[in-house]
Amino acid sequence: MSRRITLSLAAGVVVLGGAGAFALAYAGDQPPALAHSTAHYTAPDGGRDGSLTFTTEVTASSGVKSVKVLPWPANSSLAKKELTVKDMTQVESATCKPVGEDTVRCTYTTPVTGADVTSSPRGAWQVAVLATAKDGTTTLDKKAAGFTVG
């Protein structure tokens, strides 16, 4: 090879290597991403309890550390107050299972009794979600999904 071609090839490798390293560093800084979030509410019927099931997929390049879930009435004080990451660290966790290299499917299920329905506001509810990646980055979605208590 001529010296000019060798130098050009070496310069190209350095540039492409630097661009690749930048892309990997940038990808590592991405917060967890939520997708396909759904909430399914079943009211208690007769002597049988109902339930609330929330499901979401979370992708994080460093892996998912935890997913916290908080159902809340849309007409409550939480609608006026801005939920924070600190608020969400004290709520219940979803159970997550891997569905891909960097993705987990998380499910949160809680029973709903007749007494729960009697003491809870009727109408629209929201589900807030805090996803935390293993690298410490977080995503807080205050309205990841909604459901109606009738």
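If you go through the stretch 80-89 one residue at a time, how many are surrounded by 14 or more Cβ atoms within 10 Å (Cβ to Cβ) and either among the basic types (Lys, Arg) or in a loop (DSSP other than H, G, I, E, B) (or both)? Reasoning before the result, please.
Within the stretch 80-89, the subset surrounded by 14 or more Cβ atoms within 10 Å (Cβ to Cβ) is 83, 87-88.
Now drop any that are not either among the basic types (Lys, Arg) or in a loop (DSSP other than H, G, I, E, B) (or both), which leaves 83.
Of the residues in that region, 1 qualify.
Counting only residues that are over 18 Å from Phe54 (Cβ atoms) and of a type in the set (Asp, Glu), which one in the stretch 89-138 is nearest to the chain's Cα centre (by Cα)?
Restricting to residues being over 18 Å from Phe54 (Cβ atoms) and of a type in the set (Asp, Glu), the top hit is Asp102.
For the stretch 60-77, name all the residues that are over 20 Å from Asp116 (Cβ atoms) and touching a Pro at 6+ places or on another chain (Cβ under 7 Å).
Ala60, Val64
Considering only residues that are modelled with pLDDT of 95 or more and among the small types (Gly, Ala, Ser), look in the stretch 90-101 and name the one that is surrounded by the most Cβ atoms within 10 Å (Cβ to Cβ). Steps first, please.
Going residue by residue through the stretch 90-101, those that are modelled with pLDDT of 95 or more are 91-99.
From what is left, the residues that are among the small types (Gly, Ala, Ser) are 93-94.
Details: Ser93: 12, Ala94: 20.
Filtering first and then ranking leaves Ala94.
Could you list, in sequence order, the residues of the stretch 130-149 that are among the polar types (S, T, N, Q) and crowded, with 17+ Cβ neighbours inside 10 Å? Quick ask: steps written out before the conclusion?
Initial filter on the stretch 130-149 (among the polar types (S, T, N, Q)): 132, 137-139, 148.
Scanning the stretch 130-149 gives Thr132, Thr137, Thr138, Thr139.
Has the stretch 109-125 got any residue that is open to solvent by less than 60 Å² (accessible area, probe 1.4 Å), assigned to a strand (DSSP E or B) and touching a residue at least 60 places away in the same chain (Cβ under 8 Å)?
yes
Looking only at the stretch 58-79, how many residues end up being over 18 Å from Asp141 (Cβ atoms) and either buried (at least 16 other Cβ atoms within 10 Å of the Cβ) or under 19 Å from the mean Cα position of the chain (by Cα) (or both)?
Quick first cut of the stretch 58-79, residues over 18 Å from Asp141 (Cβ atoms) only: 61-63, 75, 77.
Still in the list and also either buried (at least 16 other Cβ atoms within 10 Å of the Cβ) or under 19 Å from the mean Cα position of the chain (by Cα) (or both): 61-63.
Residues that pass the stated criteria total 3.
Only one of (1) more than 25 Å from Asp45 (Cβ to Cβ); (2) open to solvent by less than 40 Å² (accessible area, probe 1.4 Å); (3) touching a Ser or Thr at 6+ places or on another chain (Cβ under 7 Å) is not met by Val104, so which one is it?
Condition not satisfied by Val104: (3).
Condition first: in a strand (DSSP E or B) and more than 11 Å from Cys96 (Cα to Cα). Now tell me which residues in the stretch 46-79 satisfy that. Give the steps one after another, and end with the answer.
Filtering the stretch 46-79 for residues in a strand (DSSP E or B) gives 48, 50-59, 64-73.
Of everything in the stretch 46-79, those that are in a strand (DSSP E or B) and more than 11 Å from Cys96 (Cα to Cα) turn out to be Arg48, Gly50, Ser51, Leu52, Thr53, Phe54, Thr59, Val69, Leu70, Pro71, Trp72, Pro73.
Restricting to the stretch 22-54, and then to whatever is among the charged types (D, E, K, R) and over 19 Å from Trp125 (Cβ atoms), can you tell me which residue is modelled with the highest pLDDT? Explain how you work it out, then say what you get.
Taking the stretch 22-54 first, the residues among the charged types (D, E, K, R) are 29, 45, 48-49.
Keeping just the survivors that are over 19 Å from Trp125 (Cβ atoms) gives 29, 48.
Values: Asp29: 70, Arg48: 95.
This residue is Arg48.
The values are calculated or read from the model by the stated rules, or taken from the named source; none is laboratory data. Just so we're clear, the structure is a prediction, and the values are computed from it rather than from any experiment. FYI the Cβ positions are ideal-geometry reconstructions off the backbone, even for glycines, and counts take in every protein chain you see. Please note that ligands, DNA and RNA were not included when accessible areas were found on the heavy atoms of the full protein model with its side chains. Shrake-Rupley method; radii C 1.70, N 1.55, O 1.52, S 1.80 Å.
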